[in-house]
Each structure stands twice: as structure tokens, then as C-alpha cells.
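The next block holds one structure in the form of C-alpha cells; read it before the comments.
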Amino acid sequence: RPRVLSGIQPTSGSFHLGNYLGAVRQWSALQETHDAFYMVVDLHAITIPKDPQELRDNTRLAAAQLLASGLDPDRCTVFVQSHVPEHTQLSWIMECLTGFGEASRMTQFKDKSSKQGADRTSVGLFTYPVLQIADILLYQANQVPVGEDQRQHVELTRDLALRFNGRYGATFTVPEPYILKETAKIYDLQDPAIKMSKSASTPKGIINLLDEPKVSAKKIKSAVTDTDTVIRFDEDKKPGISNLLTIYSTLTGTGIAELEQKYDGKGYGALKTELSEIVGEWVAPFRARTQEYLADPAALDAVLAKGAEKARAVASETLALAYDRVGFLPAA
Ligand code: TYM
């Protein structure tokens, strides 16, 4: 079985629709066909200051949401990044192989650091993509299911895998991004020129999966669209409507052409009302299952402990190989 690995930050409490449609939805599909590793990336989360208790709570909450969205610990490995120390160990080696200039060109770093200013930007935020490289290479992943915003980090991972292999001999699998075109980028409901994101979106622009359905319905109904009335998929001229059609289409499995036909002659209001209902129906069982997992933290922690054990078995083997290739003297 080919292997996949991916991760999600525990930063934000609730997952949003972009996280789900862009990434997590694919994760549960891939567990059927791939040897799959999925993690909550708490090490990445602290690149921006985090309250310790919130970080702990949000890590469990993220794990609960992963299980609620269909990841089955018997069919894939779900774990917490900090439970596997090999991530930080391999990251150091990769830092020594990554150019300062090439790390400086990462657009997510440039965006985040320019907002914060140099003195408030941590070195960890700068090396963030290198830790991500280690995450991926440790598992010899063939594919990395993510949204479009992570493509550059996966490309950098490929470059570094090739560089390491070139310098030290074949060691790492060179991974490919796995990005579904239709859902690669889910847009902000208030500003369909930017992606839906915790850091950039206003509360009205973002659909949180754990919100009450009526809160999300209100946001969908006030989503920014164009002044035309025709329901047609056209990302350039009608980005707002196209985004709603994408969400509708992926949640229901209905093709875009079919939706255009269904809403032919109807106004934006009808589409928004029905999409609100669809989102509401989708989130109801998701929210209930998340609450069930959270209600039994001991069971949840046991799932994560077992996941960490499975992950470490793979990660430690890769790290030992990398240490040897680099020329570290084995500890007697
Ligand atoms: P994170 O936590 O920001 O996001 C988790 C996943 O959700 C995707 N995503 C989106 N997809 C489509 N449209 C959107 N509006 C949208 N917003 C978010 C992201 O692309 C991501 O796939 N650096 C990563 C976490 C990470 C990782 C890894 C991923 C750490 N190590 C190793 C893959 C492999 C991140 O911050 O994702």
C-alpha cells in the first residue's frame, strides 16, 4: 500500500469548512486505500504563542474532530506530533540542509512574519516548513493530502528529499502533493478573493464545523456574491457563487452542472437557503460525535497513545537510517 501522511494544527478550536473540504475529507477516503498517518501538529502550533491549557484542550479537541470526521484508528494511525520525538530530531538535520534563502521565500512565512514584525516573529516560525519536511520524510510518505496553501511546503520537502538522497545516498521517498482541484481552496464567505482561514478571515467569513447550524446559516445567507442573479460556476467573474457551488457540490456529491440546472431561473436566496440546510445536516452528526469523543478523554488519550506507538515504530527506523547516513557515531 502506498503511504500518505498529513497534519492539522490544533490552534483554532473548531475545524472550519476549508480544513474539512480541502484536507480532512480526503484523509478518511485515503485510509481505505493507503497506509495512512494523520497527526495533530502541536509542535507547529507553538510557533505562535499559545496558552498551555488551551493548547492541551485544543489538541484533544482536534483529535476528537478527526475521529468524528471518519478517521478510524483501526484503519489509519492518528497521533499527536509531540508524542513522537523523532520529528524534532530529523528536523535539525533538515535545517542544516535547507538554505536560509529558500526558507525565506516561503510565502506563509512571509505573510505571517510581515504581519507580526521581525521582533515578534519567532525563529520557530521561520523553520516551521523544515519541521514539516521532517514530518513527511520520517514516514516515507508517497503522497501528502493537503489544501493548495500547503503546496509550496510539499515542494520544498521534495527538494530536500532529493538533496539529502543526492548527498548521502538513497534514504527518503520523494513525496507528491495530493491536492484535489475542486476543493484545493475554499474561499472566505465575505471576501471570495482570499481563502477561508482562522488568521485572515473575519468571523462572518468562516464556517466553523462546531458552530450551531443557525450561526452558520446566517453566515451563508449573508455571503458576498455578485450583483448578477444567474447561478453559474465562474471562478473569475462569480467567485462568491462559485465557492458556494463548490461547497454544495462536495457535501452532497452533486455535480456542478447539475446544480446549475437545478437553480436555473432561481435566485441566490434559494441556493443559500438550501446550502444552509445541507451544511446544518452535515454538521449535526459531526458535532454530536465530537462531543462523544470529548466526553471520554481517557479513551481518546488511549487512541492517541496507540497511534503514537505505531507512528514511532516507523519514525524511529527512518531516523536511525538518516543518523547513520549523516555520519553520527552510534551510541554504544
Ligand atoms: P492547517 O492546520 O493550517 O490546515 C489543515 C489542512 O487544511 C487545509 N486548508 C484548506 N484547504 C482548502 N481551503 C482552505 N481555505 C483551507 N484552509 C486550510 C490546509 O491546506 C491543510 O491541508 N502546515 C500544515 C500542517 C502540517 C502538515 C505537516 C501538513 C504540519 N506538518 C505535514 C501535511 C504534512 C498546516 O498548518 O495546516
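Annotations
- Long-range amide H partners of GLU176 with built H, under 5 Å: GLN143, VAL144
- Carbon + sulfur, % of accessible area of the chain - ligands and nucleic acids excluded, 1.4 Å: 53 percent
- Two-site FRET efficiency, VAL230 against ARG151, from Cβ-Cβ distance with R₀ of 30 Å, rounded to 0.05: 0.40
- Each Cα pair of the chain feeds into the Kirkwood radius, which the Stokes-Einstein equation turns, at 37 °C and 0.692 mPa s, into a diffusion coefficient of 156 µm²/s.
- Other-chain or far-sequence residues with amide H under 5 Å of ASP234's (modelled H): SER242
- Using a Förster distance of 41 Å, the FRET efficiency for LYS262-LYS115 (Cβ separation, nearest 0.05): 0.50
- Listed residue (ALA295, ILE278, ALA320) projecting farthest to the positive dipole end of segment 268-323, Cβ model: ALA320
- Counting only protein heavy atoms and a 1.4 Å probe, segment 38-114 has 42 square angstrom of accessible area per residue.
- Summarising the amide proton neighbourhood of ASP35: residues at separation of 5 or more, or on other chains, whose placed amide H is nearer than 5 Å comprise ARG3, VAL4.
- Along segment 123-134 the Karplus relation, 6.51 cos²θ - 1.76 cosθ + 1.60 evaluated at θ = phi - 60°, assigns HN-Hα couplings of 4, x, 5, 5, 8, 2, x, 6, 4, 5, 4, 4 Hz to successive residues, with x for each Gly and Pro.
- Charge dipole (debye, nearest 20) of the chain; +1 at Cβ of Lys and Arg, -1 at Cβ of Asp and Glu: 340 debye
- Share antiparallel - DSSP beta bridges, the chain, percent rounded to 5: 20 percent
- Spatial offset of segment 14-83 relative to segment 263-332 amounts to 3 Å, using the alpha carbon center of each.
- The modelled label-to-label distance for the pair ALA284/ASP74, using points 7 Å beyond Cα in the direction of Cβ, is 2.8 nm.
- With 5 Å bins from 0: P(r) over segment 223-332, alpha-carbon pairs, percent: 2, 9, 14, 12, 8, 6, 7, 8, 9, 9, 7, 4, 3, 1, 0, 0
- 16 Å cut-off, amide nitrogen to a point 7 angstrom out along ASP301 Cα→Cβ, residues in segment 37-60: 53-60
- Lysines with Cα under 19 Å of LYS219, excluding same-chain neighbours fewer than 8 positions away: LYS185, LYS195, LYS198, LYS204, LYS238, LYS272
- Environment charge at ASN165 (Cβ cut-off 13 Å; Lys +1, Arg +1, Asp -1, Glu -1): +3
- Between 0 and 90°, nearest 10: helix 52-68 axis offset from the chain longest Cα axis: 70 degrees
- Gyration tensor (Cα) of segment 18-104, equivalent ellipsoid semi-axes in angstrom: 25, 18, 13
- Aspartates and glutamates whose Cα lies under 15 Å from that of LYS237, excluding same-chain neighbours fewer than 8 positions away: ASP191, ASP226, ASP228
The values are calculated or read from the model by the stated rules, or taken from the named source; none is laboratory data. Quantities reported herein were computed from a predicted structural model and do not represent experimental measurements. Virtual Cβ from ideal backbone geometry, glycine too; neighbours counted across all protein chains shown. Keep in mind that these areas ignore ligands, DNA and RNA; they rest on the heavy atoms of the full protein, side chains included. Shrake-Rupley method; radii C 1.70, N 1.55, O 1.52, S 1.80 Å.
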